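The values are calculated or read from the model by the stated rules, or taken from the named source; none is laboratory data. Predicted, not measured: the structure shown is a model, and the values here were computed from it. Every residue, glycine as well, gets a Cβ built from its backbone with ideal geometry; the counts of neighbours run over all protein chains shown.
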Amino acid sequence: MRRELVLPARLAPPSRRGWPHEARAVDWERVFEIKLALLLAILAAGAAGAALPLLRRGTAQDDRILGWGNAFAAGIFLATGLVHMLPDADRMWSGLGWDYPMAFVLAGFAFVFMLLVEHVVLPEQAHQEVHAPSGERFAHAAEHHQDALSAYAVLIALSIHALLAGLALGAEPELARALVISLAIIAHKSAASLALGVSLARSHLPPAQSWRLVALFALATPIGGLIGAVVGEAVEGPLGETLEASFLSIAGGTFVYVATFDILRDEFPAPGGRVAKWIVLTLGVATMSTLALWT
């Protein structure tokens, strides 16, 4: 006669999909409410960053503080992708029975896809406008009055980042890791939205149209978050877990791309303040790496 091994509750593996329906529903509702609050905070950060240049056209900007902010955001994104997202995604794929580094494969394809979008498909002027070194971004915008096409290209490049990050946040079942992802998104979206606002402020677009583009960018991450949350909960079983692992893997690759190819590649070649930027970058990496002790 076979005897089943029953683990004590404190030793049983924490599987959200194995909980009783009532407990799982209550837990999902609580996590979903917190995620909604996080998405609202991300929405506010994106809108505020882009609105500032539109409301303060022609005023001087502190390039040094902007450079520090970019470096810190790069550290946050780099550590979130390498220390939190990709290891978690790898464990999820292993739990699904994959004896293959699928998390890192998807992350690699996400990296090269973002490279295709930003440096092959979209005009190079759009990339320069978004990712110019902080000390040159405003001067660059002032020298080149953009047309509507370039402004829309900037919006597309930034919104793809935002949408993929939102998908990862929405699909993340663990609240602690969702908070970590949210912190990384807010850090980067504030700087990215500021770049979009500068681009729009220097364009020939009417103010009403500029504000509509700001709204679209600000909504990109919340929309991705809602899609990820709904899909992650509606699709159950191995398929649902596969989708969650895929979202997390793709977002991990995107986060590494944003940190390295978007920010650090353009920020550090600019002369002046490199030591301070490196210190702030290291602080961002250390902050997110320390959080991994509890998440």
**Message:** Consider the stretch 253-265. How many of its residues are closer than 16 Å to VAL280 by Cα and surrounded by fewer than 23 Cβ atoms within 10 Å (Cβ to Cβ)?
**Reply:** 3
**Prompt:** From the list HIS140, HIS127, which residue is crowded, with 16+ Cβ neighbours inside 10 Å, assigned to a helix (DSSP H, G or I), over 20 Å from the mean Cα position of the chain (by Cα) and at pLDDT below 90?
**Reply:** HIS140
**Request:** Determine, yes or no, whether LEU291 is aliphatic (A, V, I, L, M) and out of contact with any His (no Cβ under 9 Å at 6 or more places or on another chain).
**Result:** no
**Prompt:** On the given criteria, is ALA234 without any contact (Cβ under 8 Å) to a residue 40 or more places away in the chain and of a type in the set (Gly, Ala, Ser)?
**Reply:** yes
**Prompt:** For the stretch 235-269, what are the residues that are outside any helix (DSSP H, G or I) and of a type in the set (A, V, I, L, M, F, W, C)?
**Reply:** VAL235, PHE268
**Asked** Among the candidates GLY81, GLY75, GLY46, GLY108, which residue alone is within 30 Å of ARG212 (Cα to Cα), of a type in the set (Gly, Ala, Ser) and within 17 Å of the chain's Cα centre (by Cα)?
**Response** GLY46
**Prompt:** If we scan the stretch 230-237, do we find a residue that is modelled with pLDDT under 85, closer than 20 Å to ALA168 by Cα, crowded, with 18+ Cβ neighbours inside 10 Å and among the small types (Gly, Ala, Ser)?
**Reply:** yes
